[in-house]
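Novice: Have a look at the structure that comes next, please.
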Amino acid sequence: MNPYAKFIDGQEPQSVIAETAGRLHAIARTIGPAGWERRPEEGKWNAREIVAHLADTEIVFAMRLRQTLAEPHHVIQPFDQDAWAAHYDAYDMGTALEVFARIRDWNLQLLAAAPAESMSKPVTHPERGTMTFGTIVDKMAGHDLNHIAQLEALA
């Protein structure tokens with residue numbers, strides 16, 4: 001259900017996601033503009049593309065969280081991250097960081113206001129089966145940690 005669970009390693013998912021925007025900004029400063037385009041290896045995303053992916057994914061998480069809360073047993077719409085990545089040359093690092101940070105803040109406000117019982121609300125992913133609202137939150141945290149590790153390796 002959550003392919004990113006291994007990255008959480010006992011951490012509190014909501015704490016992880018609350019810290020991600022700050023961590024991304026710090027890593028981007030460490031890498032610096034000259035390093036944003038450096039690839040870890042051929043065919044892998046560079047730092048700017050990873051952050052653009054995180055911004056795109058945060059938009060997706062925003063929809064999934066809201067639809068799960070608003071609809072009875074919502075069915076999530078999957079997306080092809082590689083097809084979306086085909087357009088990442090259009091995005092600069094500063095905008096990608098800002099989009100991620102603003103939407104993440106919006107999502108954190110939603111999570112803070114959601115009743116505790118929301119965490120067990122069911123939702124279905126066509127490729128991963130039935131999960132819960134809480135699983136989406138866990139996936140956000142694990143996804144963040146996966147990409148933070150990639151960015152830290154580039155730094």
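The values are calculated or read from the model by the stated rules, or taken from the named source; none is laboratory data. Keep in mind the model is a prediction, meaning the values are calculated, not measured. Using ideal geometry, Cβ is built from the backbone for each residue, glycine included, and neighbour counts are taken over all protein chains shown.
Novice: Residues in the stretch 68-76: is at least one under 25 Å from GLY22 (Cα atoms) and either touching a strand residue (DSSP E or B) at 6+ places or on another chain (Cβ under 8 Å) or of a type in the set (A, V, I, L, M) (or both)? Can you show your working first?
Specialist: So the first thing to find is which residues in the stretch 68-76 are under 25 Å from GLY22 (Cα atoms), and the list is none.
Checked against the condition, which is being under 25 Å from GLY22 (Cα atoms) and either touching a strand residue (DSSP E or B) at 6+ places or on another chain (Cβ under 8 Å) or of a type in the set (A, V, I, L, M) (or both), the stretch 68-76 yields no hits at all.
Novice: Still on this structure: Restricting to the stretch 103-133, what's the tally of residues that are of a type in the set (Gly, Ala, Ser) and either within 23 Å of ALA26 (Cβ to Cβ) or touching a residue at least 40 places away in the same chain (Cβ under 8 Å) (or both)?
Specialist: Going residue by residue through the stretch 103-133, those that are of a type in the set (Gly, Ala, Ser) are 112-114, 116, 118, 120, 129.
Going one step further and asking which of them are either within 23 Å of ALA26 (Cβ to Cβ) or touching a residue at least 40 places away in the same chain (Cβ under 8 Å) (or both), we end up with 114, 118, 129.
Total satisfying the criteria: 3.
Novice: One residue is enough: does the stretch 56-73 have a residue meeting the conditions surrounded by 15 or more Cβ atoms within 10 Å (Cβ to Cβ), part of a loop (DSSP other than H, G, I, E, B) and modelled with pLDDT under 95?
Specialist: Checked the stretch 56-73: no residue is surrounded by 15 or more Cβ atoms within 10 Å (Cβ to Cβ), part of a loop (DSSP other than H, G, I, E, B) and modelled with pLDDT under 95.
Novice: Among the residues of the stretch 30-55, which ones are surrounded by fewer than 19 Cβ atoms within 10 Å (Cβ to Cβ) and part of a helix (DSSP H, G or I)?
Specialist: Once the filter is applied, which keeps residues that are surrounded by fewer than 19 Cβ atoms within 10 Å (Cβ to Cβ) and part of a helix (DSSP H, G or I), the stretch 30-55 yields THR30, GLY32, PRO33, ALA34, GLY35.
Novice: On to the next question. Looking at this structure, is VAL99 out of contact with any helix residue (DSSP H, G or I) (no Cβ under 7 Å at 6 or more places or on another chain), surrounded by 15 or more Cβ atoms within 10 Å (Cβ to Cβ) and either of a type outside the set (D, E, K, R) or not in a loop (DSSP other than H, G, I, E, B) (or both)?
Specialist: Details: out of contact with any helix residue (DSSP H, G or I) (no Cβ under 7 Å at 6 or more places or on another chain): no; surrounded by 15 or more Cβ atoms within 10 Å (Cβ to Cβ): yes; either of a type outside the set (D, E, K, R) or not in a loop (DSSP other than H, G, I, E, B) (or both): yes.
So VAL99 does not fit the description; no.
Novice: Return the total of residues in the stretch 126-142 being part of a strand (DSSP E or B) and touching a helix residue (DSSP H, G or I) at 6+ places or on another chain (Cβ under 9 Å). Write out each step before concluding.
Specialist: From the stretch 126-142, those part of a strand (DSSP E or B) are 129-132; that's our starting set.
Checking which are touching a helix residue (DSSP H, G or I) at 6+ places or on another chain (Cβ under 9 Å) leaves us with 131-132.
Number satisfying all stated conditions: 2.
Novice: Which of the residues that make up the stretch 111-127 are surrounded by 15 or more Cβ atoms within 10 Å (Cβ to Cβ) and either touching a His at 6+ places or on another chain (Cβ under 9 Å) or under 18 Å from THR57 (Cα atoms) (or both)?
Specialist: Going through the stretch 111-127, the residues surrounded by 15 or more Cβ atoms within 10 Å (Cβ to Cβ) turn out to be 111, 114, 118-119, 121, 123, 125.
LEU111, LYS121, VAL123, HIS125 - these are the residues of the stretch 111-127 that are surrounded by 15 or more Cβ atoms within 10 Å (Cβ to Cβ) and either touching a His at 6+ places or on another chain (Cβ under 9 Å) or under 18 Å from THR57 (Cα atoms) (or both).
Novice: Looking at PHE79, is it touching a residue at least 60 places away in the same chain (Cβ under 8 Å) and under 25 Å from LYS121 (Cβ atoms)?
Specialist: Working: touching a residue at least 60 places away in the same chain (Cβ under 8 Å): no; under 25 Å from LYS121 (Cβ atoms): yes.
When the stated conditions are applied, PHE79 does not pass them.
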